[in-house]
Every structure is written in C-alpha cells, then in structure tokens.
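The values are calculated or read from the model by the stated rules, or taken from the named source; none is laboratory data. Quantities reported herein were computed from a predicted structural model and do not represent experimental measurements. We place every Cβ from the backbone using ideal geometry, glycine too, and count neighbours over all the protein chains shown.
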C-alpha cells in the first residue's frame, strides 16, 4: 500500500529521473538537510558552548542560592537564574538543530543574560562565589549571542 502512494505522489519525478528511484531522491534531500544542520552546528560551537555553560551555571546558582541563609534576599536572583537557564537551553536547542527561529531568540537571550549577570554581580560582591561564576558565564553568553545576532 505505501508503495502505491509513493508511486502516485511521485510518478512525475520517476518519469524525469528513471535512473534514480524515488527513495534515492528523498535520501539525497535528507543527507543535504543533515549536512546543512551539521554545518550550522559546527559554525556555532562557541555560541552553543556559551549557552550550555550559562544554563548549567544558572541552574547551579539558583540551587546554591536556595542553600544560603537569607533566601528571601536572593529571590530575584533565583528567578533570573531560572529564566536565564531556560532561555539559554531553548536557544541552544534551536541553534544546534539549525532552526530558522533560533536567531530570533538571541536578542532576548542577551537581555536575560545581562539582567541575570547584573543581579548576580550584586551578590558576588557579598562573597557568594556561585553568583560570581554565574555572572561571568552570563556575560560570556550575552557576548556570544550579541556577536551571532549582528
């Protein structure tokens, strides 16, 4: 049954290309698509690394903030950590698979990373090492996103 559907859908293609069967044409298209996505992944390695590192550091920072004595004072930091980790993870996923929508998130990612870094830097000055590490990761990520969005 699927063979009849394939023949019906692609009979014109088979007439034009008798040497190559329908399946062979589809495979060529798939390999081209995979190759383009792989090229996008290779070209964006530093961005993907920054996004992944930022997401990991933000998740760690949020968890470490919850272990601090004055958690209420760190509420905004925790919220921004979560937002930043989520936007970085989503952006990394879209960029890694070559989605046309990934580029749209870079500006938003830069904005959230900078906001998170600003907040974390306040707490880093009070000796919270996890916030210092997170702020550095956020700044690096914002820089990579800005570079790619330009």
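Can you name the condition, by its number, that residue 93 falls short on among (1) touching a helix residue (DSSP H, G or I) at 6+ places or on another chain (Cβ under 6 Å); (2) surrounded by 14 or more Cβ atoms within 10 Å (Cβ to Cβ); (3) farther than 21 Å from residue 118 by Cβ?
Status for residue 93: all satisfied but (1).
Condition first: free of Cβ contacts under 8 Å to residues at least 60 places away in the same chain and either surrounded by 22 or more Cβ atoms within 10 Å (Cβ to Cβ) or outside the structural domain of residue 83 (by TED's automatic domain parsing) (or both). Now tell me which residues in the stretch 124-145 satisfy that.
Residues satisfying the conditions are 135, 142.
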